[in-house]
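Step one of this worksheet: look at the structure below.
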Amino acid sequence: GGDAVEITPTVHQSFRDEVERIAGKLKLLVLGFDIIAQDPSKPADTQDWGIIEINTIPFIDLHHRPRSGKPVDVASLIWQELGL
């Protein structure tokens, strides 16, 4: 089990860079990465961390309606990225 806590805005850029690097190799339009880390707000190279799974149909609703944290409009970001 788990809880939907929106932390995307606080995730350290080094995690973002690594996820984007991997996503570029997979060459799919939309991906969702589930990462486990002790403190995602700190640099990735200062801690043990890993990718739990990569979803080709991510459940973006968790970002729109988190149990806590400020919602992020991921659907609009995806539409913008696709140029739609």
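Cβ separations smaller than 8 Å between residues 6+ apart or across chains give the following pairs from the stretch 29-43 residues that are on the phi < 0 side of the Ramachandran plot to residues that are modelled with pLDDT under 95 and among the aromatic types (Phe, Trp, Tyr): 32/59.
Of everything in the stretch 63-82 that's under 15 Å from residue 7 (Cα atoms) and in contact with a helix residue (DSSP H, G or I) (Cβ under 9 Å, 6 or more places away or on another chain), which residue is surrounded by the fewest Cβ atoms within 10 Å (Cβ to Cβ)? Once the filter is applied, the top-ranked residue is 70.
Residues in the stretch 1-12 that are hydrophobic (A, V, I, L, M, F, W, C) and surrounded by 12 or more Cβ atoms within 10 Å (Cβ to Cβ): 4, 7, 11. Close contacts from the stretch 1-26, counting a first residue that is polar (S, T, N, Q) and a second that is loosely packed, with under 14 Cβ neighbours inside 10 Å and in a helix (DSSP H, G or I), with Cβ to Cβ under 9 Å and a gap of 6+ residues or different chains, come to 14/45; 14/46.
For the stretch 13-62, filtering for residues that are closer than 28 Å to residue 83 by Cβ, in a loop (DSSP other than H, G, I, E, B), open to solvent by 50 Å² or more (accessible area, probe 1.4 Å) and out of contact with any Leu (no Cβ under 7 Å at 6 or more places or on another chain) leaves 4. Contact map, the stretch 51-72: first residue more than 15 Å from residue 34 (Cβ to Cβ) and in contact (Cβ under 8 Å) with a residue 60 or more places away in the chain, second residue polar (S, T, N, Q) and open to solvent by less than 60 Å² (accessible area, probe 1.4 Å), Cβ cut-off under 7 Å, separation 6 or more or different chains; pairs are 72/8.
The values are calculated or read from the model by the stated rules, or taken from the named source; none is laboratory data. On a predicted model such as this, the values are computed, not experimentally measured, just so you know. Counting neighbours? That spans all protein chains shown, and the Cβs are built from the backbone with ideal geometry, glycine included. SASA here: full protein model, heavy atoms, side chains in, ligands and nucleic acids out. Shrake-Rupley method; radii C 1.70, N 1.55, O 1.52, S 1.80 Å.
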